[in-house]
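Notes for the one structure printed next.
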Amino acid sequence: MNCALNFGDEITIFRSPNDGDEIICNEAFLDKKNNTITTTLNLFREKTGLRQYFTVQLKKVIPHEAGFGGGRSNAAALLHGVNKICGNVLSPMELVDLGKTVRADCLCFIHNMSNITAGIGDIYQPLNGEIISAI
């Protein structure tokens, strides 16, 4: 089961005038060349054919590799953000398909709702109810 919560990592996205993405993170562990953020941005460009690059500021709140879905939820938020910045070039269903390409279980974060998942996270059943506030 995945529960939508009112806390998590903070992502700020800007268009970049440069010919490459820049990732700024408050944690030193992040490999700036090989991570979920760069994978997501590259897949977005591949899918849309756009050559837009971004500066992404990531403030980690969810502990790295804690199993709380920090990277997957960041990928979902990033997809929504860059799609909006680029004029919503992808439909909601295309975002879902692209999210599954990033990581199968990214799907539950694309929809931003509590759910029960099966398989490798690519099959889900939404749960009725409101987002649970962090204690």
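Laboratory data are not the source of any read-out in this text; all were calculated from the coordinates shown. This structure is a prediction, so every number in the text was calculated from the model and none was measured. Note: ideal-geometry Cβ built from the backbone for every residue, glycine included; neighbour counts use all protein chains shown.
Going by neighbour counts of Cβ atoms within 10 Å, the residues ARG103, ARG45, ARG15, ARG51 line up, fewest first, as ARG51, ARG15, ARG45, ARG103. Label zone (ARG15, point 7 Å along Cα-to-C-beta; backbone nitrogen cut-off 17 Å) within the range 81-104: 81-90. Here the peptides 81-87, 18-24 are ranked by packing, the mean other Cβ count within 10 Å, and the order with the highest first is 81-87, 18-24.
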